[in-house]
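The values are calculated or read from the model by the stated rules, or taken from the named source; none is laboratory data. Keep in mind that what you see is a predicted model, and the values were worked out from it rather than measured. Backbone-built Cβ (ideal geometry, glycine too); neighbour counts: all protein chains shown.
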Amino acid sequence: MSQTVDVGTPPAPAQDERVAQRSTLGRLLARPEVGALAGAIVIFLIFFIVAPPFRELSSLSTVLYVSSTYGIPAVAVALLMIGGEFDLSAGVAVTASALVASMISYQFSANMFVGVLVALVVALAIGFINGFLVVKTGIPSFLVTLGTFFMIRGLNLAITKIVTGNVGTNDVSDIAGFGLAKNIFASSFNVGGVQIRITLLWWILFVIVATWVLLRTHIGNWIFAVGGSAASSRAVGVPVNKVKIGLFMTVGFMCWFTGMHILFAFNTVQSGIGLGNEFIYIVAAVVGGCLLTGGYGSVIGAAIGAFIFGMTNQGIVYAGWNPDWFYFFLGALLLGAILLNNFIRSRAEASR
Amino acid sequence: MTTTADTKTETPLVRLTDAGKNYGNIIALQGVTLDVGASEVTCVLGDNGAGKSTLIKIIAGLHQHTHGTYEVEGEDVKFGSPREALDRGIATVYQDLAVVPLMPVWRNFFLGNEVRKGPAMDIAAMRKMAKQELLDMGIDLRDVEQPIGTLSGGERQCVAIARAVHFGARVLILDEPTAALGVKQSGVVLRYIIQAKERGLGVIFITHNPHHAYPVGDNFLILKRGRSLGYWQKDEITMGELTGLMAGGSELEELTHELEQAGTESSGLREVAHVFEQEVAELHVGELGAGAQQAPPSGNTGTRPPDPTQP
């Protein structure tokens, strides 16, 4: 890495006193997702070399599918982190959405989309409550969402048990509207013999929309601002509380979407799943260059982070390694990514 | 200060009459009266804890006063949020929260007032306007895309002031804009205060440095422990008196003696002692009422009077 970085540094002393141009490379290195991109290429090459099955297109399709199921919530988690907050309840909120949709439609013998819409309301409400508590109490979002995380986890288990008498929900595949819902959230199709899951397309769409909002609209400007300095933003009239609540609700929306995918991909939902996934969303965002302290980051970076996660997750299997090692690699990856990001950022700042 | 006399007859942009603020049973501010007209600089002086920040927060809409009245252009107001104050043309530039450091200069400049083109922002136009507006105020940036945190403290304050002026502020509240700055940078900021005044703005300049306040100010309000010590127009008070009221003359004298003794050991300290000696001398002259004419360091730069390069 070091030699590529060096190229950006030396400006000719004969230049204008204040060095008008930075090299293209310097500009590129100043982008938050560069570290993640470099990491993704390295990891891709490693698995490409050590794991022959990894080289097949169908493997790439599986990797991309796994990446998308984590990448979709990571889009919103990255936005939230840029806005200076955390959400530890995202993992179980996914499960909660799936459970609500499934149980509402099944118990009331209603159309599938009734359940889907009720689940959306519930997911947005979870986001709203998280956001409202954070902005009104001033308690760090880490603690607030840690609290709601445990509460939702408990509700998932308890209510499912009360309603179905079981740890999972009933099969919803016979309910009216299931087919359409499956087409939207969990279908797949073939392109040149390679299976493409629809979540991949949704993921790409969400990344594009979120990136556009973040970089091209005033809302994006406000997201960076409330994460960078909430007090300064408030002083110039940015509605800080609304922005933060909106971000938490965006996380709720993405959790709902992922929950719907899980429901329509598997027809039933186990009430205990989703634990720990919130950390993977956060890891994806951090690996992708989002600053834990807010005000800096990129949705594309978070997408690359999710892709790194997907590659490692599947690559270990393809390479025939013991999957027990996966979390060790994940942790090492996280540390490595943070160090790399810090290094690149400081070099980029220095070469200004 | 004839302008002051003129504006007195008109409705001032901002007027506080006997305003105060209690936090529960704690009196943070009491009996403050002040006027700010167009093209006027009103300086609010006071030591730490004198109630300066409470005063700005009331004017800026972050807090509400509990006593007295607050009028904007003759109309009684009680702002619920800074946005409401902004909508009435009252903009505040805070010492430490003027900008969001990680964001590019242009994004900071337009934060909260983004130029929109359809659903998106008109980024090209904003970049151009930010660069031009800053150039007009004499700040020549090589790149408005650089994070504003990479600018110097003085430049950051200037960007924040330029921003407030650009977005049609009529009253500018500056919260200790020179507190963390070096002599030269303070001079730059003081020049902006004059520029803003010349553009017809009313300026409320909060500081604890009389040497910064006197050259640019038209009116002076001194706060001490939450109370107003008095409100003067420039022709009613001298630099020396101002310093005296701020610091308490005897305390300053004591400090001078201390420094003088220490100063025999190092030339650096001797210079500092020299500065204080002069201040005390001015103070005495002021107290005697004689040397009111003694030129205050109205040097447009606002540097401390005894320049070490000219002993």
query = What number of residues in region A:178-219 are of a type in the set (Gly, Ala, Ser), surrounded by 21 or more Cβ atoms within 10 Å (Cβ to Cβ) and more than 17 Å from the chain's Cα centre (by Cα)?
reply = 1
request  = Quick one: residue A:245 ticks every box in (1) away from every other protein chain (no Cβ under 14 Å); (2) closer than 20 Å to residue A:284 by Cα except a single one, so which number is it?
outcome  = (2)
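Quick grid of which residues meet (1) at pLDDT below 85; (2) within 12 Å of chain A (Cβ to nearest Cβ):
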{"residue": "B:62", "(1), (2)": "yes, yes"}
{"residue": "B:69", "(1), (2)": "no, no"}
{"residue": "B:89", "(1), (2)": "no, no"}
{"residue": "B:95", "(1), (2)": "yes, yes"}
{"residue": "B:103", "(1), (2)": "no, yes"}
{"residue": "B:108", "(1), (2)": "no, yes"}
{"residue": "B:124", "(1), (2)": "no, yes"}
{"residue": "B:129", "(1), (2)": "no, no"}
key: Hits in region A:317-335 (condition: under 25 Å from residue A:75 (Cβ atoms) and either among the aromatic types (Phe, Trp, Tyr) or surrounded by 15 or more Cβ atoms within 10 Å (Cβ to Cβ) (or both))   = A:326, A:327, A:329, A:330, A:333, A:334
inquiry  = residue A:228 - would you say it is buried (at least 23 other Cβ atoms within 10 Å of the Cβ) and at pLDDT below 95?
reply    = yes
message = Suppose we keep only residues that are among the small types (Gly, Ala, Ser) and surrounded by fewer than 19 Cβ atoms within 10 Å (Cβ to Cβ) within region B:98-126. Which one would you say is nearest to residue A:238 (Cα to Cα)?
response = B:120
task = All but one of (1) of a type in the set (A, V, I, L, M, F, W, C); (2) in contact (Cβ under 8 Å) with a residue 40 or more places away in the chain; (3) more than 20 Å from residue A:266 (Cβ to Cβ) hold for residue A:209, so report the exception by its number.
result = (2)
task = Answer yes or no as to whether residue B:191 is within 23 Å of residue B:87 (Cα to Cα) and of a type in the set (Lys, Arg).
result = no
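The rows are residues; the columns are (1) crowded, with 24+ Cβ neighbours inside 10 Å; (2) within 28 Å of residue A:249 (Cα to Cα).
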| residue | (1), (2) |
| --- | --- |
| A:48 | no, no |
| A:57 | no, no |
| A:66 | no, yes |
| A:69 | no, yes |
| A:74 | yes, yes |
| A:81 | yes, yes |
| A:85 | yes, yes |
| A:92 | yes, yes |
inquiry  = Within region A:214-235, take every residue that is more than 7 Å from chain B (Cβ to nearest Cβ) and touching a residue at least 40 places away in the same chain (Cβ under 8 Å) and give me the one that is farthest from residue A:78 (Cα to Cα).
reply    = A:230
Residue A:148 at pLDDT 95 or above, within 14 Å of chain B (Cβ to nearest Cβ) and either under 26 Å from residue A:100 (Cβ atoms) or not in a loop (DSSP other than H, G, I, E, B) (or both) = no
